[in-house]
Amino acid sequence: MEFLVASAIGVMTAGGLYLVLRLRTFPVIMGMSLLTYAVNVFLFASGRLTIGAPPILTDAERYTDPLPQALVLTAIVISFGMTAVVVMIALGAYLGADDDHVDDPAPAKDGSEGAA
């Protein structure tokens, strides 16, 4: 089970990094979301992967640590807010420049702004 979760975290991280390095805003936003999901799964898995165990410390012999669960819930709320802000910034940049590239345009050879 741990190998499957670790592999899923690795695949999500690799896919997120690939999308973040794209030159358009939509893949960058999707890559950031994928990286956020990978971190959330990592935090959740850090509390031990136990099935059928109570999430609180009682007299049980097996239990699940509740702290990573609380951290994941907080991270979900923060990532939702971050995604909303990034989408609004990307939309403003697209409407202002009629282009959704994330890199700056190369300066023209004559010294004027933008590429010809």
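For residue 48 and residue 87 in the same chain, what is the full-extension length gain: residue separation times 0.36 nm, less their Cα-Cα distance, in nm?
Here the segment from residue 48 to residue 87 would lengthen by 10.6 nm.
With a ≥ b ≥ c the root eigenvalues of the C-alpha gyration tensor of segment 2-97, is it rounded (a/c under 1.5), prolate (a/b larger than b/c) or oblate?
Here segment 2-97 falls in the oblate category.
The numbers here are math on the coordinates, done by the rules we state, and not lab data. These numbers were taken from a predicted model, which means no experiment stands behind them.
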